[in-house]
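The values are calculated or read from the model by the stated rules, or taken from the named source; none is laboratory data. Just so it is clear, the structure is predicted and the values come from calculations on it, not from any experiment. Neighbour counts run over all protein chains shown; Cβ positions are idealised from the backbone, glycine included.
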Amino acid sequence: MTREIFPPNPNFSQEARVNSMDAYWRLQNQALEDYEGFWRGFADEKIEWLSPYEKVLDESKAPFYEWFTKGQLNVSNQCIDRHLATQADKTAILFEGDRGEVEHISYAQLSQRVNQMANLLKEELGVAKGDRVVLYMPMIPESAYAMLACARIGAIHSIVFGGFSAEALRDRIEDAGAKVVITADGAYRKGKPYMLKSVVDNALESGSTAVSSVLVVKRNHEEINWVEGRDKCYNDLIAHHSTVCPFEPMESEDPLFLLYTSGSTGKPKGVQHTTAGYILWAQMSMEWVFDVKGDDLFWCTADIGWITGHTYIIYGPLAAGTTTVMFEGVPTYPDAGRAWKMVEEHKITQFYTAPTAIRVLHKMGEDEPSKYDLSSLKVLGTVGEPIDPPAWKWYYESVGGSHCAIVDTWWQTETGGHMISPLPGATPIKPACATFPLPGIMAEVIDSDGTPKAVGETGLLCITKPWPSMIRTIWGDPERYTKAYFSDATKAGRPVYFSGDGAVRDEAGYITITGRVDDVINVSGHRMGTAEIEAVVNEDDSVAEVAVVARPHEIKGESIFIYIVLKEGHINTDIKNHINALLAQEIGNIAKADHIIEVPGLPKTRSGKIMRRILRSIAKHEEITQDISTLEDPSIVKRIETTAREA
């Protein structure tokens, strides 16, 4: 299918860092010809090294790659201290609360507050280098202070999204072996307070953890429970700590943070990112993909509980020395014009959000953008899932005024930063297409045996060379790391990174992402493993069998569709509400299913394998084209289809 191509805005290209496809190919060819030299040049240019590294890339323990071995740096210094001589008074973080309050936090103020937080963690809570600190926080500045304070003293932070349940929080605290939890009494959402501290209390009461202290930020000043000897009030303690805290020299491969993500097995994976490679790529991708510079004001609407918030709200923008927006609320409250009002008032230049948000904003307020002055916008971005052409068109025309490039970014928690994306001053854009790998990223569409797929053929999207910001391991489970990412595709006997996504390359080399090829569901950009959801549903005594698949959703991208076989003699007339309540309790509201149906059985092979491809087709109301003759009971397919139609 031929798609319209949108060339870069020539006025923007004149000032862009990468201003043409010739410039893009020069960079990519440089990487192809001298891969280590390519990365060495940028590491020397971008990183403030405390002591030099010995080797750019050590592949001797592949796939446990090491970058910039033995070099020393500190991410807090990279994001704050090194900017103070030239832009101490520049706004580092522009915070806007749910209720509209605005705070400008300069780089000098950020330095002082991070140092105070670092001293508090060390002196009050006994946090030291290598300790794990779990954050269960809202989108408030103290979240950024805590992240950067951990980086400053060498502690490893692990942020858990504030929508997760006590059980999910407990599992992540226990797996990380966390010493301290940082939370807030609550926060505000759509004008109303909601609670967080009570979830932490439940998580710590219901499990065996190593947590010795809970640091609580008073945000909405609701009445909360205080556990004597364990709980500390941030607001009462912070002023007593010095605004000076020397940063800890960290080796390049020292862990910076853990971030738990769902996989194709029930247990969440603790993705481990390290110091030098991650911060280098966070800064480089900010500068290339969004072309931030000077007085730009960058707004990523994600939550810091996800990798997008880590890389493109905190670490990337601050390493690049730009101003980043932290927003506590939702773009549709108090009305569908909230986001565009913020763009107008703050003169935001880059806006980065998820296709789900774009579809909601379009649906709720198609004409809202025209009511505001959005002329400050230079670059629009999308993240989390492929964007559909109608949403892309509205975003481009109504929000971007048909002059802003849309950078449709493909990447993952495990990649640390963007892998495939247009460059706004260089790439001719095809709507809903990720386009080309960034310079230095070697992406291919291949078969399971490593054979490149032909033009127009869907295959496995793999990265065939290691890159600095890649996942280093799964916390405490290196065997799972190798199995999850490096066992499904090989090329010439060399491990390549298997993304779990399918893709297709056209005759011009453009890459389009086709979606997950494993059992992970992407709901509004939030990845959840089907096995994790199935494990929760199976806890119910009435459930004999369960199968979870994804179903396309107009707003969320994908929704959760659950097939349940009840045990003999069990009747549940309110199965949907019952199971969704269980999912909300065990995982969080994001795991609630749109469709839950009781079926007489599941399509299985004679070996007992559930044929989920058939269930996905039924959920999508597609014709069953798969061969069902090998099923143990082929007649079950028609019976499931009948039940699904009647549901």
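Things to note:
- Test: residue in segment 440-458 that is at pLDDT 95 or above, in a loop (DSSP other than H, G, I, E, B) and surrounded by 24 or more Cβ atoms within 10 Å (Cβ to Cβ): no
- Cβ-Cβ under 8 Å pairs, at least 6 apart or on other chains, segment 491-515 side among the aliphatic types (A, V, I, L, M), far side modelled with pLDDT of 85 or more and exposed (fewer than 15 other Cβ atoms within 10 Å of the Cβ): V504/G456; V504/E457
- In the set K430, K363, only one residue is among the basic types (K, R) and within 21 Å of G509 (Cα to Cα); that residue is K430.
- Of all residues in segment 480-501, exactly one satisfies the criterion of being more than 19 Å from A434 (Cβ to Cβ), of a type in the set (V, I, T) and not in a helix (DSSP H, G or I), namely T490.
- Among residues of segment 459-479 being assigned to a loop (DSSP other than H, G, I, E, B) and of a type in the set (S, T, Y), the one that is farthest from R172 (Cα to Cα) is T464.
- Looking across segment 35-59, the residues that are in a helix (DSSP H, G or I), of a type in the set (D, E, K, R) and free of Cβ contacts under 8 Å to residues at least 40 places away in the same chain come down to E36, R40, D44, E45.
For every residue, the table says whether it meets (1) closer than 21 Å to A320 by Cβ; (2) surrounded by 19 or more Cβ atoms within 10 Å (Cβ to Cβ); (3) free of Cβ contacts under 8 Å to residues at least 24 places away in the same chain.
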site	(1), (2), (3)
R26	no, no, yes
K61	no, no, yes
Y65	no, yes, no
F68	yes, yes, no
V75	yes, yes, no
Q78	yes, yes, no
L84	yes, no, no
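- Wholly within segment 319-435, helices (runs of 4 or more DSSP H) carrying at least 2 residues that are in contact with a Gly (Cβ under 9 Å, 6 or more places away or on another chain): 338-346, 355-364
- Those helices (runs of 4 or more DSSP H) lying entirely in segment 101-198 with at least 2 residues out of contact with any strand residue (DSSP E or B) (no Cβ under 9 Å at 6 or more places or on another chain) and either outside the structural domain of K267 (by TED's automatic domain parsing) or more than 30 Å from A584 (Cβ to Cβ) (or both): 107-125, 141-153
- All positions within segment 539-565 that are within 23 Å of R172 (Cα to Cα) and either surrounded by fewer than 17 Cβ atoms within 10 Å (Cβ to Cβ) or not assigned by TED's automatic domain parsing to the domain that holds H621 (or both): E539
- Qualifying residue in segment 150-167 (condition: farther than 23 Å from V75 by Cβ and hydrophobic (A, V, I, L, M, F, W, C)): yes
- Selection within segment 93-128: residues that are buried (at least 18 other Cβ atoms within 10 Å of the Cβ) and of a type in the set (V, I, T). The member of this set that is farthest from I140 (Cα to Cα) is V127.
- Candidate set: segment 502-527, residues that are among the aliphatic types (A, V, I, L, M), at pLDDT 80 or above and in a strand (DSSP E or B); chosen: the one nearest to E554 (Cα to Cα): V523
- Each residue in segment 199-211 was checked for being surrounded by 16 or more Cβ atoms within 10 Å (Cβ to Cβ) and assigned to a loop (DSSP other than H, G, I, E, B), and 2 pass.
- Candidate set from segment 262-302 (those that are among the small types (G, A, S) and assigned to a loop (DSSP other than H, G, I, E, B)); member that is modelled with the highest pLDDT: A302
- Being in a loop (DSSP other than H, G, I, E, B), surrounded by 23 or more Cβ atoms within 10 Å (Cβ to Cβ) and in contact with a strand residue (DSSP E or B) (Cβ under 6 Å, 6 or more places away or on another chain) is a property that holds for G305.
- Scan of segment 385-398 for residues that are buried (at least 23 other Cβ atoms within 10 Å of the Cβ) and either aromatic (F, W, Y) or closer than 28 Å to D295 by Cβ (or both), ordered by number: W392, Y395
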